[in-house]
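**Student:** Quick one: the structure is below, and I'll ask about it shortly.
Every read-out reported here was derived from the displayed coordinates using simple, explicitly stated rules and does not represent laboratory data. In this text, all values refer to a predicted model and were calculated from it rather than measured experimentally. We place every Cβ from the backbone using ideal geometry, glycine too, and count neighbours over all the protein chains shown.
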Amino acid sequence: MTSTRRIGMTVNGERYEADVEPRTTLVDFLRGTLGLTGTHVGCEHGVCGACTVLWNGKAVRSCIMLAVQADGAELKTVEGLARGATLHPIQQAFLEKRGLQCGFCTPGLMLSIDELLARTSAPTDTEITDTIGGHLCRCTGYQAIVEAVHLAIEKLRTK
Amino acid sequence: MKPPIFDYATPASVAEAIALLARYEGEAKLLSGGQSLVPLLNMRLARPAVLVDLARIAALDWVRVADGVVAIGAMTRQRTVELAPEVQERHPLLHAGLQLIAHPQNRNQGTIGGSLAHADPAAELPALAVALDASFEAAGPEGTRTVAAADFFLTYLTTALAATEILTSVRFPMLPARTGWAIQEVARRHGDFALAGVVAVVGLALSGAISRARVVLYGVGATPVRAAAAERLLEGHVADAALLASASAQAAADLEEPLTDVHASADYRRDLARVLVGRALAEAMTRAHAA
């Protein structure tokens, strides 16, 4: 018999409670239980970065975090970036600089960049490459992503 | 790629966690940041009956920089230590080493104690611990004890911790004056485990001769590997290119058969070790002269 555990967390400002098996990964919980399918599942061992979400403001791999570990946490997923029909400056910058092609890596990347730009409004080039280095993107060759980060910095500054 | 079924416990204290380990008699596994353990669960290479999550034990999350030591609670996230300004300023080698661990997204979740207790021979923290003569505090049913880094890493993924013991903190001594350091590694991709890596520390006497050398390799054996013969070649001598070359050749020659796998052959790893030791020593010497 599988035992479950009652957990509660805030995701994109909304409060959720649910019963989960301890073995449920956070990404499966977000997608399967909460229906927040913007977070993608890639490698399932913490390497590709597609599943990256913000956990209490910090970018983490939700495929190698259990939902029970996030009990009581405040989470942010890609669904929490835009305000209604208005894209977040990071999303707008990705769009304008063509920082995505297939889009599979994009939600995770944008959340890592969101964390970086919340920590510093003027990141160094090394900080930018370190941040996006934690994400596999097989389409863009990264240059357009770096340009999107620079444009997002600009947009956030003049916002 | 989904974890097998297990129970899950969230002790609020170290004593409670130790009691759980004792009760489950080897069937329990400690969960800290999960950056190694959860992948192993996803791949079903680990099948514990119960996970004992240490993350709710607030008493294990702290950093103290004082008295020549950076002391860190075992559950402190790697990224917290990396971003602490006093660590960056007063223990630049530890700071540099932390930046080589996987990616920032892993370090946000991964803990200092988790990496040390997991004891992957290609990981940076165990090598840093050996190079710096770090000491570990472990708590068990009979109380606490201190273990030197030199006695802590026994073999692949195996430490001196007993099944009912928990690593609670680690102390990394700071480097003295006139001492230089370097950490160098090569990985196939940025953030991957190193094919080979080295931590080098050199102290200079007033004469300019090397008074103390420490060379610790990682990724090339079952534990961090101290290049003791290479250290002896260096100590007491003024470093020049020939001395650094012979020390790095010695360090590589003394390695027992390094791993051969899909990423690199043993010969490649051995030669990489030679090159990296040479580079690290040169970099450490430059810093020692500037320190």
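**Student:** Roughly how crowded by other chains is peptide B:38-45, in terms of the mean Cβ count from those chains within 10 Å of each of its Cβ atoms?
**Tutor:** 5
**Student:** Shifting gears a bit: If you fit an axis through the alpha-carbon atoms of helix A:143-158 and take the longest principal axis of the Cα set of chain A, what angle between them do you get, 0 to 90°, nearest 10?
**Tutor:** 90 degrees
**Student:** Determine the distance separating the Cα centre of the stretch A:96-110 from the Cα centre of the stretch A:123-159; give it in Å without decimals.
**Tutor:** The distance from the Cα centre of the stretch A:96-110 to that of the stretch A:123-159 comes to 10 Å.
**Student:** Can you give me the distance in nm between label points at B:M1 and B:A19, each placed 7 Å from the Cα along the Cα-to-Cβ direction?
**Tutor:** Placing both labels 7 Å beyond Cα along the Cβ direction yields 3.9 nm.
**Student:** Set the Förster distance to 60 Å, then compute FRET efficiency between B:A58 and B:R232 from the Cβ-Cβ distance, nearest 0.05.
**Tutor:** So the FRET efficiency works out to roughly 0.85.
**Student:** Related question: Just order A:34-43, B:189-198, A:8-17 by mean Cβ neighbour count inside 10 Å, highest at the front, would you?
**Tutor:** In descending order of packing, they fall as B:189-198, A:34-43, A:8-17.
**Student:** What FRET efficiency would be calculated for the residue pair B:E257, B:M43, taking the C-beta separation as r and a Förster radius of 22 Å, to the nearest 0.05?
**Tutor:** With R0 = 22 Å, the Cβ-Cβ based efficiency is 0.25.
**Student:** Now a separate question. So the label point goes 7 Å from the Cα of B:R212 along Cα→C-beta, right? Which residues of the stretch B:168-200 then have their backbone N under 13 Å from it?
**Tutor:** Backbone N within reach: B:173-181.
**Student:** Note the angle between two axes, namely the Cα long axis of helix B:241-253 and the longest principal axis of the Cα atoms of chain B, as a number of degrees from 0 to 90, rounded to the nearest 10.
**Tutor:** The angle comes out near 40 degrees.
**Student:** Does the protein assembly as shown come out rounded, prolate or oblate, given a ≥ b ≥ c as the square roots of the eigenvalues of its C-alpha gyration tensor, rounded meaning a/c under 1.5 and, failing that, prolate meaning a/b above b/c?
**Tutor:** oblate
**Student:** What net charge is computed for the residues neighbouring A:G13, neighbours being all others with C-beta under 9 Å from the C-beta of A:G13, Lys and Arg scored +1, Asp and Glu -1?
**Tutor:** Computed value for this residue: 0.
**Student:** Further, regarding this structure: Could you work out the local net charge near B:D267, counting Lys and Arg as +1, Asp and Glu as -1, over the other residues with Cβ closer than 12 Å to its Cβ?
**Tutor:** Here the charged neighbours net out to +1.
**Student:** Helix-only mean residue ellipticity at 222 nm, chain B, DSSP H runs n ≥ 4 weighted -39,500 (n - 2.57), per residue, nearest 500. What is it?
**Tutor:** Per the formula, -10000 deg cm²/dmol.
**Student:** What is the order of B:V262, A:V78, fewest Cβ neighbours within 10 Å to most?
**Tutor:** Listing B:V262, A:V78 from fewest to most nearby Cβ atoms yields B:V262, A:V78.
**Student:** State the Cα centre-to-centre distance between the stretch B:152-193 and the stretch B:239-291 in whole Å.
**Tutor:** Each part reduced to its Cα centre gives a spacing of 18 Å.
**Student:** Could you tell me whether chain A comes out rounded, prolate or oblate from its Cα gyration tensor? Rule is a ≥ b ≥ c as square roots of the eigenvalues, rounded for a/c under 1.5, then prolate if a/b exceeds b/c, otherwise oblate.
**Tutor:** Prolate, because a/c is 1.5 or more and a/b exceeds b/c.
**Student:** Quantify how strongly other chains surround peptide A:20-27 by giving the mean number of their Cβ atoms within 10 Å of each of its Cβ atoms.
**Tutor:** Taking the mean over all residues of the peptide, I get 4.
**Student:** Another one. Order of A:C139, A:C48, A:C102 from fewest to most other C-beta atoms within 10 Å?
**Tutor:** A:C102, A:C139, A:C48
**Student:** Hey, another quick one. Ignoring everything except DSSP H segments at least 4 long, calculate the 222 nm mean residue ellipticity for chain A; use -39,500 (n - 2.57) per segment, divide by total residues, nearest 500.
**Tutor:** Estimated from H runs of four or more residues: -9000 deg cm²/dmol.
**Student:** Just want the ordering: B:E25, B:E124, from fewest to most Cβ atoms lying within 10 Å of their own Cβ.
**Tutor:** So the residues, fewest neighbours to most, are B:E25, B:E124.
**Student:** What aspartates and glutamates sit close enough to A:K76 to cross-link, taking a C-alpha to C-alpha distance under 18 Å and skipping anything fewer than 8 places away on the same chain?
**Tutor:** Partners within reach: A:E14, A:E17, A:D28, A:D114, A:E115.
**Student:** Follow-up. Could you please state, rounded to a whole Å, how far the C-alpha centre of the stretch B:115-132 is from the C-alpha centre of the stretch A:17-90?
**Tutor:** One Cα centre to the other: 30 Å.
**Student:** Measure nothing but the geometry: give the 0 to 90° angle between the long axis through the Cα atoms of B:266-290 and the longest principal axis through the Cα atoms of chain B, rounded to 10°.
**Tutor:** Roughly 70 degrees between the two axes.
**Student:** Moving on. So which trypsin sites (Lys or Arg not before Pro) in the stretch B:35-117 pass both tests, a DSSP loop state and at most 13 other Cβ atoms within 10 Å of the Cβ?
**Tutor:** Listed in order of number, the matching sites are B:R44.
**Student:** Relative contact order of the stretch B:58-173: what whole-number percent is it, with Cα pairs under 8 angstrom and at least 6 residues apart?
**Tutor:** 28 percent
**Student:** Which whole number gives the average, over all residues in A:55-63, of C-beta atoms from other chains lying within 10 Å of the residue C-beta?
**Tutor:** Partner Cβ neighbours, averaged per residue: 5.
**Student:** Here's another thing I want to ask about it. Tell me the net charge near B:G34. Cut-off is 11 Å between Cβ atoms, B:G34 excluded, with +1 for each Lys or Arg and -1 for each Asp or Glu.
**Tutor:** That sum, taken over residues with Cβ under 11 Å, equals +1.
**Student:** Using packing as a proxy for protection, rank B:220-229, B:236-245 so that the peptide with the highest average count of other Cβ atoms within 10 Å comes first.
**Tutor:** Averaged packing, sorted descending, gives the order B:220-229, B:236-245.
**Student:** Return the long-range amide H neighbours of B:T168 (sequence gap of 5 or more, or a different chain), with a cut-off of under 5 Å between placed amide H atoms.
**Tutor:** Those lying under 5 Å, H to H, from B:T168 are B:E137, B:A138, B:A139.
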